[in-house]
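Shown next, in structure tokens, is the structure this report addresses.
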Amino acid sequence: DTAVSQTPKYLVTQMGNDKSIKCEQNLGHDTMYWYKQDSKKFLKIMFSYNNKELIINETVPNRFSPKSPDKAHLNLHINSLELGDSAVYFCASSQRTYEQYFGPGTRLTVT
Amino acid sequence: QQQVKQSPQSLIVQKGGISIINCAYENTAFDYFPWYQQFPGKGPALLIAIRPDVSEKKEGRFTISFNKSAKQFSLHIMDSQPGDSATYFCAARENFGNEKLTFGTGTRLTIIP
């Protein structure tokens, strides 16, 4: 009965590779988010989708591309991975009640 | 530019003591102020939240104090317990309807026996 799930939990890859992280929520929420948490624990929003429509797109390199096939899923594809992309990526969802529910995170390590 | 400033960066409190974490903001368009708790290896989880029309909100041992004129808000944890050891984030949301949360930089709280 996981509310927000992400796969994979850990991702180790080499520079230059392309990788994807998947997120699914079973809460019936219509808004989903991607956050990046760096090594200093700083949490920063990257993208937000509402009913498959992009509503927040922060200053993120265009190597990062979110895809929302339906309102329960929001995937993150990253092209040409760089060392600085190493971080923990969190997916979250909300239903306009202000509370955002976060997934368990995906720790990405680029070597 | 950090829109929500949080302090201290780390905090050590004895069991049974009061833990206090402070946040300040500049943007008057913020209309919702949540606190999130994050344990190692987990995602952040909502702990307690306040709207600016009240000055205090209490839920169990957790209290938010809000000072609208000073643009400051704080989290107080009474009777702090070792299980409260975690990283705490304040956040603020703009009232533009896009539900964007801006987070503070986090406070690592350690409760010692």
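The values are calculated or read from the model by the stated rules, or taken from the named source; none is laboratory data. Bear in mind that the values here come from a model prediction, so they are computed numbers and not experimental data. Cβ sites come from the backbone with ideal geometry, for glycine too, and all protein chains shown count toward neighbours. To get the accessible areas, we keep the full protein, side chains included, count just its heavy atoms, and leave off ligands, DNA and RNA. Shrake-Rupley method; radii C 1.70, N 1.55, O 1.52, S 1.80 Å.
This table checks each residue for (1) small (Gly, Ala, Ser); (2) over 26 Å from A:Val88 (Cβ atoms).
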| residue | (1), (2) |
| --- | --- |
| B:Leu11 | no, no |
| B:Gln14 | no, yes |
| B:Tyr36 | no, no |
| B:Phe62 | no, no |
| B:Ser65 | yes, yes |
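A count restricted to region A:27-40 and to residues that are at pLDDT 95 or above and of a type outside the set (Phe, Trp, Tyr) stands at 2.
Kindly establish whether A:Lys52 is surrounded by fewer than 16 Cβ atoms within 10 Å (Cβ to Cβ), free of Cβ contacts under 8 Å to residues at least 24 places away in the same chain, within 20 Å of B:Tyr88 (Cα to Cα) and not hydrophobic (A, V, I, L, M, F, W, C). Judged against the criteria, A:Lys52 is not a match.
Annotation: of all residues in region B:88-113 being open to solvent by 10 Å² or more (accessible area, probe 1.4 Å), among the polar types (S, T, N, Q) and assigned to a strand (DSSP E or B), the one that is farthest from the other protein chains (Cβ to nearest Cβ) is B:Thr110. Among the residues of region B:41-66, those that are open to solvent by less than 50 Å² (accessible area, probe 1.4 Å) and assigned to a loop (DSSP other than H, G, I, E, B) comprise B:Gly43, B:Pro44, B:Pro52. The residues on offer are B:Ser85, B:Ser80, B:Ser69, and the sole one that is open to solvent by less than 10 Å² (accessible area, probe 1.4 Å) and away from every other protein chain (no Cβ under 14 Å) is B:Ser80.
Counted as qualifying within chain A are the strands (runs of 3 or more DSSP E) with 2 or more residues that are within 11 Å of chain B (Cβ to nearest Cβ), namely A:4-7, A:31-37, A:43-50, A:53-57, A:87-94, A:106-110.
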